[in-house]
1. In segment 50-88, how many residues are of a type in the set (D, E, K, R), in contact with a Ser or Thr (Cβ under 9 Å, 6 or more places away or on another chain) and surrounded by 11 or more Cβ atoms within 10 Å (Cβ to Cβ)?
2. Just one of the numbered conditions (1) assigned to a helix (DSSP H, G or I); (2) modelled with pLDDT under 80 is not true of ARG158; which one?
3. Identify the single condition in (1) aromatic (Phe, Trp, Tyr); (2) loosely packed, with under 11 Cβ neighbours inside 10 Å; (3) at pLDDT 95 or above that TYR21 does not satisfy, given that it satisfies every other one.
4. Under 8 Å between Cβ atoms, which residue pairs at least 6 apart in sequence (or on different chains) link something in segment 39-64 that is closer than 19 Å to PHE76 by Cβ with a partner that is open to solvent by less than 70 Å² (accessible area, probe 1.4 Å) and charged (D, E, K, R)?
5. Please identify the pairs in which a residue from segment 133-148 that is small (Gly, Ala, Ser) and outside any strand (DSSP E or B) has its Cβ atom under 9 Å from the Cβ atom of a residue that is at pLDDT 85 or above and surrounded by 13 or more Cβ atoms within 10 Å (Cβ to Cβ), counting only partners at least 6 apart or on another chain.
6. Could you identify the single residue in PHE166, PHE197 that is surrounded by 14 or more Cβ atoms within 10 Å (Cβ to Cβ), modelled with pLDDT of 80 or more and not in a strand (DSSP E or B)?
Amino acid sequence: MARNSVQFQKGLSEAEFERQYGTEQACRDALFRWRWPEGFECPACGERRHSAIKSRQLFQCSACRRQTSLTAGTIFAATKVTLRTWFRAIYHVTHTKQGISSIELGRRLGVTQTTAWTIKHKLGQVMLERDAKRQLTGRVELDDAYLGGERSGGKRGRGSPGKTPFLAAVETTPEGKPVRLKLCRVPSFCSRAVEDFAKRGLERT
């Protein structure tokens, strides 16, 4: 049986992560490359010429004079936590197969549980928003299901008032191995609800 390429894909070791992102400056340099791969671009006018205000860690546009921070408009905006801590949080959240609690994340990062919870919540929201925009492609399996149980004294079966209907679509490899999943709560399993879900979540071929 062939191995699942997603499950066994090569990850980034802790040693390699530390080599690449072990300092605050290394994290800033990486974020700059990701945000402006072609070099700084003013978010207001698009001008590339700029100067750096090192004392405040800002970039000032040479045309419109607007000042922009590296983290403005990103998940790191206005944070009091260092980028190095954020990067380490991203590493632990994405490399822990069974998930990680905010308590354990706080221990690993050296921050309070409350700070770790906030970081984890923001990362989860960003990943949710990113995945919501990506459509499933190729071979997709679609099914309907209910979430919840029977209410006391209520009707049994699929039409029970205590059950919430939702659709589940799974993008798979040609061998049927799951790659990505989309779930969507629907009012019912009528053809219109299924069609609307398919238009939003599945790529046309």
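The values are calculated or read from the model by the stated rules, or taken from the named source; none is laboratory data. In this text, all values refer to a predicted model and were calculated from it rather than measured experimentally. No Cβ is skipped: glycine too gets one built from the backbone with ideal geometry, and neighbour counts run over all protein chains shown. Surface areas here come from the heavy atoms of the whole protein model, side chains and all, with no ligands, DNA or RNA. Shrake-Rupley method; radii C 1.70, N 1.55, O 1.52, S 1.80 Å.
1. 1
2. All conditions are met except number (1).
3. In the conditions (1) aromatic (Phe, Trp, Tyr); (2) loosely packed, with under 11 Cβ neighbours inside 10 Å; (3) at pLDDT 95 or above, TYR21 misses (2) alone.
4. Note: pairs meeting the criteria are GLU41/GLU47.
5. GLY138/GLU171; GLY138/THR172; GLY138/THR173
6. Details: PHE166 fails: not in a strand (DSSP E or B).
Of the residues listed, the single one that is surrounded by 14 or more Cβ atoms within 10 Å (Cβ to Cβ), modelled with pLDDT of 80 or more and not in a strand (DSSP E or B) is PHE197.
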